[in-house]
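Novice: Can you keep this structure in mind? I'll have questions shortly.
The values are calculated or read from the model by the stated rules, or taken from the named source; none is laboratory data. No experiment lies behind these values; they were computed from the predicted model shown. Using ideal geometry, Cβ is built from the backbone for each residue, glycine included, and neighbour counts are taken over all protein chains shown.
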């Protein structure tokens, strides 16, 4: 019996579903069960992370001596949720930490002497970084000189592990745990390890903290940070979304209500586009501590005020961001680049340049560097196109940059305004040269199918592939000789129609396809995702169409 047959028979799967699992690297029945039914039991031992033992020992000493513990986070969603998770965990253990989230304009990214001085004044003896710290050797050395120890938990790349830190917990520095964990995932693994150590030391006499209740934060931070939703991230996000749908956090309940969502609408998509931007808005345009307070408050009235405030900031962010995009496009039109967009204006708000850069990449198909500030040092964000390691490109310009760091697809830079033109020229040349060797992305298709194979059974199977995201995209199929019947526009830009072939027909919708739709004179080929759509209490099979072209 083939593996496809075994999976279909043993797990009751549609044959196409079984083949999709094999195509995604599933090699046996047990791996298939784990993929289709993620469980917390599938998470690895947190002590497989480097320096976890050392980190826990120092934290336990701090808790036993009642030292003041400080959590040093970041102003984005991953940094906020990481700090909120550890705050809630320590509070549940009877130890109230102090938290510092840097202000984007005033403090900049990462661990800094300014933040360290503030924490020193507040009595901190131990600093735990979350979602930052890998490139902060000087700041850590400064903290040690002030009489404080530093534990780094970070998932960013770093040439060398900070030597002055007590411990550096980073999956990219070794160990057996997935290197794709983000900051909030690491924060959870630290909490898992600490709970075990606290239990062994008999320091949980008033009850153990319930880590499952923290998974709502993990799901939000993991989805927002756009890390691969595979391995541990798949488990954490899948279960975390379920926790989020019934969250006990008054802050998250207020945020969900402010976003106009119901519990059954919580998904990777609504988290990414409805919840995460509101959390992010605090750090982009105001103070990220607003978001932290929302994520940690137990006061419903305060949660309502904070969620409204974040909603207003998000609306302002959208308007500001679009102005930056339009002005950057005008700059690019005056001086076109062959390899990258590098744009700067002194009045651009540094809090929106990253997302503006992403929009420029989408519209122009080139990597983008968008900077704001009057100088002499200006700061900016870098966004890349698929397949181009932007951090590697920046490293070729390191002598022109005051500071930089990040990932293959996104980074941050600080540069002297006087060097910006030189940087623009070299960086664009480097990107242009490397882009020549990158093939344009093709429309991904998982399988070519006969329309009669598209059934509710298959659609229900595919729901078990969720959550979808980077590393685990929604399955896409291709079918030929489809007749488009009764096409009509809905919501101004979406196309609804009936797809008919070989005596079967389906409801179909193509989001954003109405504008370019040309009624076919002959059957066409559809690229689509089958899904179950419930409307007015009735569930029907529907094709979510991504592309339609005349059949050859």
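Novice: Pairs only if they're at least six apart or on different chains, beta carbon under 7 angstrom, first in the stretch 104-130 and without any contact (Cβ under 8 Å) to a residue 40 or more places away in the chain, second in a strand (DSSP E or B); list them, first residue then second.
Specialist: Pairs found: 111/72; 111/129; 118/100.
Novice: Then there is this: Within the stretch 454-479, restricting attention to residues that are more than 23 Å from residue 233 (Cα to Cα) and in contact with a strand residue (DSSP E or B) (Cβ under 9 Å, 6 or more places away or on another chain), which residue is surrounded by the most Cβ atoms within 10 Å (Cβ to Cβ)?
Specialist: Result: 479.
Novice: Give 191, 136, 187, 165 a once-over and let me know the one that is under 20 Å from residue 69 (Cβ atoms), at pLDDT below 95 and in the same structural domain as residue 107 (by TED's automatic domain parsing).
Specialist: One residue alone meets the criteria, 136.
Novice: Separate question: Would you confirm whether or not the stretch 474-489 contains a residue that is in contact (Cβ under 8 Å) with a residue 40 or more places away in the chain, touching a helix residue (DSSP H, G or I) at 6+ places or on another chain (Cβ under 9 Å), within 28 Å of residue 409 (Cβ to Cβ) and outside any loop (DSSP other than H, G, I, E, B)?
Specialist: Yes, that holds for at least one residue.
Novice: Taking the stretch 362-378, which residues are touching a strand residue (DSSP E or B) at 6+ places or on another chain (Cβ under 7 Å) and either surrounded by fewer than 21 Cβ atoms within 10 Å (Cβ to Cβ) or in a loop (DSSP other than H, G, I, E, B) (or both)?
Specialist: Result: 364, 366, 367, 373, 376, 377.
Novice: Here's a follow-up. Quick one: is residue 229 part of a loop (DSSP other than H, G, I, E, B) and in contact with a strand residue (DSSP E or B) (Cβ under 7 Å, 6 or more places away or on another chain)?
Specialist: When the stated conditions are applied, residue 229 passes them.
Novice: Suppose we filter 418, 356 for residues that are in contact with a strand residue (DSSP E or B) (Cβ under 7 Å, 6 or more places away or on another chain) and either closer than 20 Å to residue 277 by Cα or not assigned by TED's automatic domain parsing to the domain that holds residue 131 (or both); which single one remains?
Specialist: Result: 356 is the single residue among 418, 356 that is in contact with a strand residue (DSSP E or B) (Cβ under 7 Å, 6 or more places away or on another chain) and either closer than 20 Å to residue 277 by Cα or not assigned by TED's automatic domain parsing to the domain that holds residue 131 (or both).
Novice: Out of all the residues in the stretch 185-211, which are over 19 Å from residue 43 (Cα atoms) and not in a helix (DSSP H, G or I)?
Specialist: Answer for the stretch 185-211, where residues must be over 19 Å from residue 43 (Cα atoms) and not in a helix (DSSP H, G or I): 201, 202, 203, 204, 205, 206, 207, 208.
Novice: I'm checking my understanding of the structure. Among residues of the stretch 60-81 that are within 17 Å of residue 126 (Cα to Cα) and in contact with a helix residue (DSSP H, G or I) (Cβ under 6 Å, 6 or more places away or on another chain), which one is surrounded by the most Cβ atoms within 10 Å (Cβ to Cβ)?
Specialist: Ranking the candidates gives 73 first.
Novice: Taking the stretch 152-202, which residues are on the phi > 0 side of the Ramachandran plot and in contact with a helix residue (DSSP H, G or I) (Cβ under 6 Å, 6 or more places away or on another chain)?
Specialist: 175
Novice: A further question follows. Does residue 220 count as under 24 Å from residue 283 (Cβ atoms), touching a strand residue (DSSP E or B) at 6+ places or on another chain (Cβ under 9 Å) and either in the same structural domain as residue 89 (by TED's automatic domain parsing) or part of a loop (DSSP other than H, G, I, E, B) (or both)?
Specialist: no
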